[in-house]
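Participant: One structure, as structure tokens, below. Some questions next.
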Amino acid sequence: MPMKKVCFISDAHFGIDLPGFNDRETRFFNLLKKEADSLSDIYIAGDLFDFWIEYRHAIRPDYFAVLHHLKQLVDRGIRIHYLAGNHDFALGPFLENTMGFRLYPASLTTEIQGNKVFLYHGDGLIKIDVGYRILKKLLRNPFNQRMYKLLHPNIGVPLGSFVSGSSRKYLNRPLAAHLRDEYRECAKKRLEEGHDIVIYGHIHLPEYISYPAGTYCNIGAWLKHYTYAMMENGVLTLLRYHDGEEPEPLPAISLK
């Protein structure tokens, strides 16, 4: 009997208005509806939302539709694994206890369909991110997050969204080749340490590379590219979603 599929998605940044890409929620829902019967797991590799912080009694209304569709999948028995990104790092009890997600504050090493897989959003990974790595420790400090939540949601959410938007503009600049190569080298080291597959997001650059030691896949960004990855019977494929059509497999790069 064939295994059910496992889906990997990253960097949808739901919650921002991006002219020309305002249908990305609808396309996401259509993808979930199309694949629901064939899925066992969904791995969200960070930045599903453009800004997420949990208040005890307040959830952003513009996130309701996304959360509703994902909760329906959980109720059908599909496991949803949520890795923190740099825009949605303050994951909390609502997502775990009410939504039923499995939360991971950093990276994850797990076995999927016979493959040892390393998953990580990818923020703070390369040398140039020294300043961000310091900021990351401050932002993810539980005490600092509790202090931030003392702000009323009508202040805290717009403020967080503003800061998040500034970060996103920086990340949307064309990625320099040497930075892309650093991500490849980081993935290659993980493969040489014994992983079969390394999956990152964050840089909004979809690519699938075969190394002698294994496979590196950057999922890219649902935000603009509508890319995602699917594993079926142990084989990982990088895909681009098209409404009303079969998904488009993206070509692999071989660096063997």
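The values are calculated or read from the model by the stated rules, or taken from the named source; none is laboratory data. These figures come from a predicted structure and were not determined experimentally. Here the Cβ positions follow ideal geometry from the backbone for every residue, glycine too, while neighbour counts run over all protein chains shown.
Participant: Between a first residue in region 1-16 that is among the aromatic types (Phe, Trp, Tyr) and a second residue that is at pLDDT 95 or above and surrounded by fewer than 22 Cβ atoms within 10 Å (Cβ to Cβ), which pairs have beta carbons less than 6 Å apart while being 6 or more apart in sequence or on different chains?
Facilitator: Close Cβ pairs (under 6 Å, with a partner that is at pLDDT 95 or above and surrounded by fewer than 22 Cβ atoms within 10 Å (Cβ to Cβ)) amount to Phe14/Val66.
Participant: Select the strands (runs of 3 or more DSSP E) contained entirely in region 50-113, then report the ones holding at least 1 residues which are touching a residue at least 24 places away in the same chain (Cβ under 8 Å), over 28 Å from Thr237 (Cα atoms) and within 17 Å of the chain's Cα centre (by Cα).
Facilitator: Hits in region 50-113: none.
Participant: Give Leu191, Leu179 a once-over and let me know the one that is touching a Pro at 6+ places or on another chain (Cβ under 9 Å), farther than 21 Å from Arg60 by Cβ and at pLDDT 70 or above. Give the steps one after another, and end with the answer.
Facilitator: Working: Leu179 fails: touching a Pro at 6+ places or on another chain (Cβ under 9 Å).
Leu191 is the lone residue from the list that is touching a Pro at 6+ places or on another chain (Cβ under 9 Å), farther than 21 Å from Arg60 by Cβ and at pLDDT 70 or above.
Participant: Same structure again: Taking Phe21 and the conditions (1) in a loop (DSSP other than H, G, I, E, B); (2) modelled with pLDDT of 95 or more, which numbered condition does it fall short on, given that it satisfies the others?
Facilitator: Tallying (1) in a loop (DSSP other than H, G, I, E, B); (2) modelled with pLDDT of 95 or more, Phe21 fails exactly one: (2).
Participant: Name the one entry in Leu238, Leu223, Leu205 that is part of a strand (DSSP E or B), under 19 Å from the mean Cα position of the chain (by Cα), within 25 Å of Leu32 (Cα to Cα) and touching a residue at least 24 places away in the same chain (Cβ under 8 Å).
Facilitator: Leu238
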